[in-house]
Structure formats: C-alpha cells, structure tokens
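Below is one structure, written out as structure tokens; comments come after it.
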Amino acid sequence: MWTPSADLLVTDLDDELILMDPASAEMYSLNGSGRVLWQALPATDATLEELLRRTYGLDAIQARADLAAWLADMQRRALIRRA
C-alpha cells in the first residue's frame, strides 16, 4: 500500500496538482496522470495500475511501466512511502 508523505501541502489547480514539502521548501507539479494517481492514494500497486489502464486505455505492460516510473520518482523525492 502506497501512501502520501504526511507533512506535504497539496493545492489542486484543476489541471495540475501542486505538492509542497515544508521541510525542504521544494514544490512539485503533477501532470494529469500524476494527479490521477496521487488522488487515488492510499492504494496498492494493482489498484493504481488498473486506474491507469481504465483512465488512459493502456495495456497492462505500459500501465505497469508507467506506474513503476512514477512510483520510483515519487519515492525518490520522499513524496510517497510504502505503508
């Protein structure tokens, strides 16, 4: 199960989502697919993969690859964690 990091500030601007880490004062902008995934948290890998497949019409291989890249990037930036 993936969950957002606890201290993040989140602002929804309709077409993008802005995340701010108050500890580092860094801001991140999530595009459409990142926004869809973020708003589904907390969620499992399988749930997020299925969400990408349904929302964007991706096949399983593409959805899995896209999700893996997103999860790695978000985890590297300490924006999400595995619960």
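So the values come out like this:
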read-out: Where ASP21 falls short, out of the listed (1) within 24 Å of ALA63 (Cβ to Cβ); (2) touching a residue at least 24 places away in the same chain (Cβ under 8 Å); value: (1)
read-out: Residue within the range 1-9 that is at pLDDT below 95, more than 21 Å from ARG82 (Cα to Cα) and touching a strand residue (DSSP E or B) at 6+ places or on another chain (Cβ under 9 Å) present; value: no
read-out: Check on ASP73, surrounded by 17 or more Cβ atoms within 10 Å (Cβ to Cβ), among the acidic types (Asp, Glu), at pLDDT 95 or above and part of a helix (DSSP H, G or I); value: no
read-out: Of all residues making up the range 27-47, the number that are in contact (Cβ under 8 Å) with a residue 24 or more places away in the chain, assigned to a strand (DSSP E or B) and either open to solvent by 50 Å² or more (accessible area, probe 1.4 Å) or small (Gly, Ala, Ser) (or both); value: 1
read-out: Hits in the range 48-69 - residues which are touching an Asp or Glu at 6+ places or on another chain (Cβ under 8 Å) and open to solvent by 40 Å² or more (accessible area, probe 1.4 Å); value: ARG53, LEU58, ARG64
read-out: Test for ALA23: is it assigned to a helix (DSSP H, G or I), exposed (fewer than 13 other Cβ atoms within 10 Å of the Cβ) and not basic (Lys, Arg); value: no
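The values are calculated or read from the model by the stated rules, or taken from the named source; none is laboratory data. Keep in mind that what you see is a predicted model, and the values were worked out from it rather than measured. Don't worry about glycine lacking a Cβ; one is built from the backbone with ideal geometry, like all the others, and counts go over all protein chains shown. What goes into the accessible areas is simple: the full protein's heavy atoms, side chains included, and nothing from ligands, DNA or RNA. Shrake-Rupley method; radii C 1.70, N 1.55, O 1.52, S 1.80 Å.
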